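Single-structure report; data block below.
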Amino acid sequence: MQMKITLNADDECLLRGTSALADHGIVLSSGRNADLQVTAESCPEGLRVELEGSRAHIAYSRRIEFYRGLSLLLEAFSRGEIRWEKVEKPLFPSNGYMMDCSRNAVPTVNTIQEMIRMMALMGLDTLQLYTEDMYELEGEPYFGYMRGRYSEQELRQIDDFADALGVEVVPCIQTLAHLATALRWPCYNRLKDCADILMAGEDDTYALVEKMIAHMSRCLRSRRINIGMDEAHLIGLGRYMDKHGMRPRAQIMLEHVTRVNEICKKYGLSPMMWSDMFFHLAAGGYSGEEGVIPPEVIDQVPPEVTLVYWEYYNNNPAGYRQVLRNHQQFRNPVGFAGAAWKWNGMLPELKYSLKVARIALAECAAAGLKEVMATGWGDNGAECPLFAVLPALQLYAEYSYQGGDISDEALSSRLTACTGGVLEDFFLLDKPNRTTENQPAPGLNPSKYLLYQDVMLGLFDKHVDASFPAFFDACGKELDGAGQRNPRYRRLFAYAAELSRVLALKATLGTELTAAYRAGDRAVLRELADVRLPALIEQLERFSDAFYNSWMGENKPFGYEVADTRLSGLMGRARTARRRITDYLEGRLDQLEELTQERLYFDDREDESRDINTFCNDWGQIVTASVIN
């Protein structure tokens, strides 16, 4: 559906921003050719959209709300409405998405701009770009070296584009932990406490941190910054302890936060940070009883730092309630970060994302939080395509603007208006990880470990069922259909369909191979070597092509070398398996020793009644039990 409009607006940015939405069905046109004449004007708060025949009026308090108003108009226009009105006031004044740009996949400027277009139509006002070392720093040639880091020009280009569409680009960096890719280089040894953690208390450390903050302050309009500091579990236990001895680690953390906060103030920035380490170091974790945070810790946290409570797994409302109360002991503003689950491997967990989002956002609203966001992490190589989690982002927007939970039916209509996607088709992306009806979620990812496991070693063969080939074949066919119905996302669905077809060929190949070898069935071994393994290699080639198209359609080329190595290794091992079987059948080998080994459950389970599927998102642990680094 296309809606041609003339736009009367005092804010010239609205004309520039609207002109970027032509591919999403909203086209600026002359008065004679327009379907609607749209008048835009500012108002004190909220959003009001009115449609009367061929005229429409959008009253908005923030630029982002104007663009949401356009998507609401497009939705009403698509339904054939003639008289229609909508009034909205968001529950969460700050609501957005954190895009992981640091786990190998580095979205291109064009990709980020496309995400910004859809966020604007949803009404999501904040985009955090999670960049550990993925930006250029003057005088730091090894910072983000050969990883596709963003230049200053690219960051400015993203920011300018987002500003016209009412989206604030907030830098999301790391100033303590999660810096392993930078600290791998010898030039940073002097700044390393241990593993991926900077050395707190050192002037050289704060000189580097100031470079980071000054750079982001210069590149982006936002006067907010996420300074990270999550999961620094080993702070003070490496070189810091060698130099200073054992000190209270909560105190080391507080001193570091204070110094980084002072740098932020120097550049006129208001910091936020992930809050987990205060709770882990001072209270043993987020879910401690109310009142466990020592008063001296509360008193030392700079009150202007927003504490971001992150939670991706919990589906218990009482759990959120408790942890939010624990956060509100502090004098600090509190924000919340939930899940757009794309970090389990190859495919998303959409239905679980929606389930936990509905629970979390209800508790955030009840607690009076003003800032929420969904996070889209890319653990272990960012293999899951970026746009796979659009339904989760749509829910964050709709929950806020519509004042609470909405049905999947209403969510589906909004998703189509804002992204062109079909919700039920996106749900099919979950399916290759859901081989059993009652499978618990999240955290089971057969689509990754069955893809990468070695057919000769069978580390996951105890987690395979004879029904899997037919199941995965059906997934591939359904995903093909979804690709036809969602032309904008054809690459995404082709990737998932070709993956499913690999799994259909490969899932039981290892168990069949082992069974045939132990039974002495040379005819089956010959078929596996001469028919089944060549067919698998051909399908792996097709999946590799689909993976390449998906990656290069979204990301810079950097980081793809990891995926390429994994897939090339998988094909190489399939060829080696064929060679070894053939050598055995033709008498050049006395035995296939790999196939004589007992197969164990990967997860060392004792309860065999558990769901047959398991979880592993570490490629190195999936492909071998040997040392890989």
Tabulated pairs, the range 571-597, first free of Cβ contacts under 8 Å to residues at least 40 places away in the same chain and closer than 18 Å to residue 531 by Cβ, second open to solvent by less than 30 Å² (accessible area, probe 1.4 Å) and not small (Gly, Ala, Ser), C-beta under 6 angstrom, 6+ apart or interchain: 571/537; 571/540
From the options 362, 367, 318, 357, residue that is farther than 30 Å from residue 621 by Cα and without any contact (Cβ under 8 Å) to a residue 40 or more places away in the chain: 318
In the range 297-329, residue nearest to residue 364 (Cα to Cα) [restricted to those that are acidic (Asp, Glu) and assigned to a loop (DSSP other than H, G, I, E, B)]: 311
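Residues 443, 403: which one is closer than 16 Å to residue 72 by Cα and out of contact with any helix residue (DSSP H, G or I) (no Cβ under 7 Å at 6 or more places or on another chain)? Talk me through it step by step, then tell me what you get.
Working: 443 fails: closer than 16 Å to residue 72 by Cα.
Selected residue: 403, the only one of 443, 403 that is closer than 16 Å to residue 72 by Cα and out of contact with any helix residue (DSSP H, G or I) (no Cβ under 7 Å at 6 or more places or on another chain).
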Leading residue by the ranking (most open to solvent (accessible area, probe 1.4 Å)) among those in the range 167-195 that are in a loop (DSSP other than H, G, I, E, B), within 30 Å of residue 115 (Cα to Cα) and of a type outside the set (A, V, I, L, M, F, W, C): 178
Unmet criterion (only one of (1) among the charged types (D, E, K, R); (2) open to solvent by 10 Å² or more (accessible area, probe 1.4 Å); (3) over 14 Å from the mean Cα position of the chain (by Cα)) for residue 379: (3)
Residue pairs meeting the criteria (Cβ under 9 Å; at least 6 apart or on separate chains; first under 23 Å from residue 314 (Cβ atoms) and aliphatic (A, V, I, L, M), in the range 419-442; second open to solvent by 40 Å² or more (accessible area, probe 1.4 Å) and modelled with pLDDT under 90): none
The range 350-376, residues that are under 14 Å from residue 98 (Cα atoms) and open to solvent by 30 Å² or more (accessible area, probe 1.4 Å): 371
Filter pass, residue 291 being open to solvent by 30 Å² or more (accessible area, probe 1.4 Å), modelled with pLDDT under 95 and not in a helix (DSSP H, G or I): yes
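Could you check the range 546-581 and list, in sequence order, the residues that are of a type in the set (Gly, Ala, Ser) and either assigned to a helix (DSSP H, G or I) or in contact with an Asp or Glu (Cβ under 9 Å, 6 or more places away or on another chain) (or both)? Before the answer, list the steps.
To start, the set of residues in the range 546-581 that are of a type in the set (Gly, Ala, Ser) comprises 546, 550, 553, 559, 563, 568-569, 572, 574, 577.
Correct list: 546, 550, 553, 563, 568, 569, 572, 574, 577.
Residue-wise test of (1) open to solvent by less than 10 Å² (accessible area, probe 1.4 Å); (2) among the hydroxyl-bearing types (Ser, Thr, Tyr).
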position	(1), (2)
71	yes, yes
85	no, no
103	no, no
113	no, no
121	yes, no
139	no, no
Residue count for the range 230-240, restricted to those that are part of a helix (DSSP H, G or I) and open to solvent by less than 70 Å² (accessible area, probe 1.4 Å): 1
Members of the range 241-275 found to be surrounded by 15 or more Cβ atoms within 10 Å (Cβ to Cβ) and not in a helix (DSSP H, G or I), listed by number: 267, 269, 270, 271, 272, 273, 274, 275
Condition met for residue 447 (free of Cβ contacts under 8 Å to residues at least 24 places away in the same chain and either open to solvent by 20 Å² or more (accessible area, probe 1.4 Å) or assigned to a helix (DSSP H, G or I) (or both)): no
Options 553, 510: the member that is more than 20 Å from residue 452 (Cα to Cα), open to solvent by less than 50 Å² (accessible area, probe 1.4 Å) and in contact with a Lys or Arg (Cβ under 9 Å, 6 or more places away or on another chain): 553
Positions within the range 294-307 being within 30 Å of the chain's Cα centre (by Cα) and either touching a residue at least 40 places away in the same chain (Cβ under 8 Å) or open to solvent by 20 Å² or more (accessible area, probe 1.4 Å) (or both), in sequence order: 301, 302, 303, 304, 305, 306
Residue in the range 492-499 that is open to solvent by 10 Å² or more (accessible area, probe 1.4 Å), part of a helix (DSSP H, G or I) and within 27 Å of residue 530 (Cβ to Cβ) present: yes
Qualifying residue in the range 412-425 (condition: modelled with pLDDT of 95 or more, of a type outside the set (Ser, Thr, Tyr), in contact with an Asp or Glu (Cβ under 8 Å, 6 or more places away or on another chain) and open to solvent by 10 Å² or more (accessible area, probe 1.4 Å)): yes
Only listed residue being open to solvent by 30 Å² or more (accessible area, probe 1.4 Å), more than 14 Å from residue 459 (Cα to Cα) and among the aromatic types (Phe, Trp, Tyr), chosen from 584, 601: 584
Residues (out of contact with any helix residue (DSSP H, G or I) (no Cβ under 6 Å at 6 or more places or on another chain) and at positive phi) located in the range 230-260: 231, 245
Of the criteria (1) surrounded by fewer than 20 Cβ atoms within 10 Å (Cβ to Cβ); (2) at pLDDT 95 or above; (3) closer than 28 Å to residue 364 by Cβ, which one residue 398 fails: (1)
Residue within the range 426-434 that is polar (S, T, N, Q) and either in a loop (DSSP other than H, G, I, E, B) or closer than 30 Å to residue 74 by Cβ (or both) present: no
Residue that is nearest to the chain's Cα centre (by Cα) [pool: residues in the range 1-58 that are of a type in the set (Ser, Thr, Tyr) and surrounded by fewer than 14 Cβ atoms within 10 Å (Cβ to Cβ)]: 19
Qualifying positions in the range 606-626 - under 28 Å from residue 384 (Cβ atoms), in a loop (DSSP other than H, G, I, E, B) and either of a type in the set (S, T, N, Q) or more than 29 Å from the chain's Cα centre (by Cα) (or both): 613, 614, 617, 624, 626
Residue check, residue 154 open to solvent by 10 Å² or more (accessible area, probe 1.4 Å) and in a loop (DSSP other than H, G, I, E, B): no
In the range 196-213, the residues that are in contact (Cβ under 8 Å) with a residue 40 or more places away in the chain and open to solvent by 20 Å² or more (accessible area, probe 1.4 Å): 201, 210, 211
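The values are calculated or read from the model by the stated rules, or taken from the named source; none is laboratory data. Nothing here was measured: the structure is a model prediction, and the numbers come from that model. Virtual Cβ from ideal backbone geometry, glycine too; neighbours counted across all protein chains shown. All accessible areas refer to the heavy atoms of the entire protein, side chains included, with ligands and DNA or RNA removed. Shrake-Rupley method; radii C 1.70, N 1.55, O 1.52, S 1.80 Å.
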